[in-house]
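Take a look at the structure set out below.
The values are calculated or read from the model by the stated rules, or taken from the named source; none is laboratory data. Since the model is a prediction, treat every value here as computed from it, not as a measurement. Neighbour counts run over all protein chains shown; Cβ positions are idealised from the backbone, glycine included.
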Amino acid sequence: MFTQPFIHALTDSQQEKRCRNSNVDTIFLLTGKMHLLPDQVYCFQKQNKKVFVHVDLISGIESHTPDGMRYIAEVIAPDGIISTRSQSIIQAKKCGLKTIQRVFLIDTQAMEKAVQTVNKIKPDAVEAMPGLMPRVIKELVEMTTVPIVAGGLFKTKQEMENALHAGAVAVSASII
């Protein structure tokens with residue numbers, strides 16, 4: 001699903017130009033207004049970049065409903081979506097979109113629940129946050145067959161490399 005190990009997590013419009021000019025081929029859109037997203041997605045895709053939209057962060061769309069996800073798939077037209085909500089992942093799969101389930105690994109119980117949910121829902125990938133915990137990433141990789149993207153709180157290239165060495169297939173960061 002990912003051809004490069006580094007994914008640009010676009011968190012504000014200031015990063016957009018730098019992102020367009022980068023060699024990174026996958027973009028996580030973590031911000032955006034509903035009426036602007038179709039053009040943003042199209043512009044990135046025109047540059048052969050895969051675009052995943054974090055649907056939980058789009059105001060005005062109920063991504064967990066069939067109609068909401070159909071709108072995302074047909075009008076915004078990303079390559080895939082990111083969501084913390086299992087129902088959004090299920091709806092996106094029905095619409096033929098690639099899916100990334102974002103999980104927050106704050107303690108052992110959260111990790112166990114995340115693994116249980118991921119193994120049941122079967123998204124195309126999991127974004128584990130925060131991503132700078134190599135031991136936890138390694139454990140997560142061992143507990144599921146779903147590819148793991150490490151995301152969040154990276155400050156250095158070495159931290160990203162550590163996540164990759166722990167078994168993540170890619171890392172997402174706004175500092176790329």
- Could you count how many residues in the range 145-176 are among the hydroxyl-bearing types (Ser, Thr, Tyr) and more than 21 Å from Val115 (Cβ to Cβ)? 2
- For the range 148-168, the count of residues that are in a loop (DSSP other than H, G, I, E, B), under 17 Å from the mean Cα position of the chain (by Cα) and farther than 17 Å from His54 by Cα equals 4
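Within the range 65-74, is there a residue that is part of a loop (DSSP other than H, G, I, E, B), modelled with pLDDT under 95 and more than 14 Å from Phe52 (Cβ to Cβ)?
Looking through the range 65-74, at least one residue is part of a loop (DSSP other than H, G, I, E, B), modelled with pLDDT under 95 and more than 14 Å from Phe52 (Cβ to Cβ).
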- Message: As an exercise: evaluate Val75 against (1) loosely packed, with under 14 Cβ neighbours inside 10 Å; (2) over 25 Å from Leu36 (Cβ atoms); (3) in contact with a Pro (Cβ under 9 Å, 6 or more places away or on another chain) and give the number of the one condition it does not meet.
- Response: (2)
- Given Val53, Val41, Val24, which one is part of a helix (DSSP H, G or I) and in contact with a strand residue (DSSP E or B) (Cβ under 6 Å, 6 or more places away or on another chain)? Val41
- Inspect the range 106-126 for any residue being surrounded by 15 or more Cβ atoms within 10 Å (Cβ to Cβ), touching a His at 6+ places or on another chain (Cβ under 9 Å) and under 20 Å from Phe2 (Cβ atoms) and give the result as yes or no. no
- Message: Looking only at the range 1-30, filter to residues that are polar (S, T, N, Q) and under 21 Å from Glu161 (Cβ atoms); which one of those is surrounded by the most Cβ atoms within 10 Å (Cβ to Cβ)?
- Response: Thr26
- Matching residues, the range 109-135, being over 24 Å from Leu97 (Cα atoms) and acidic (Asp, Glu): Glu112
- Message: Out of everything in the range 147-162 that is in contact with a Pro (Cβ under 6 Å, 6 or more places away or on another chain) and within 16 Å of Leu105 (Cα to Cα), what residue ends up being surrounded by the fewest Cβ atoms within 10 Å (Cβ to Cβ)?
- Response: Leu153
- Would you point out the residue of the range 46-71, among those that are touching a Gly at 6+ places or on another chain (Cβ under 6 Å) and not acidic (Asp, Glu), that is farthest from Val149 (Cα to Cα)? Ile61
- Query: What do you reckon, is Arg18 at pLDDT 95 or above and not acidic (Asp, Glu)?
  - Reply: no
- Across (1) in contact with a strand residue (DSSP E or B) (Cβ under 9 Å, 6 or more places away or on another chain); (2) on the phi < 0 side of the Ramachandran plot; (3) part of a loop (DSSP other than H, G, I, E, B), Thr145 clears everything bar (1)
- Matching residues, the range 82-116, being assigned to a loop (DSSP other than H, G, I, E, B) and not acidic (Asp, Glu): Thr84, Arg85, Cys95, Gly96, Leu97, Leu105, Ile106
- In the list Lys93, Lys33, Lys46, which residue meets the criterion of being surrounded by fewer than 20 Cβ atoms within 10 Å (Cβ to Cβ), touching a strand residue (DSSP E or B) at 6+ places or on another chain (Cβ under 7 Å) and free of Cβ contacts under 8 Å to residues at least 60 places away in the same chain? Lys93
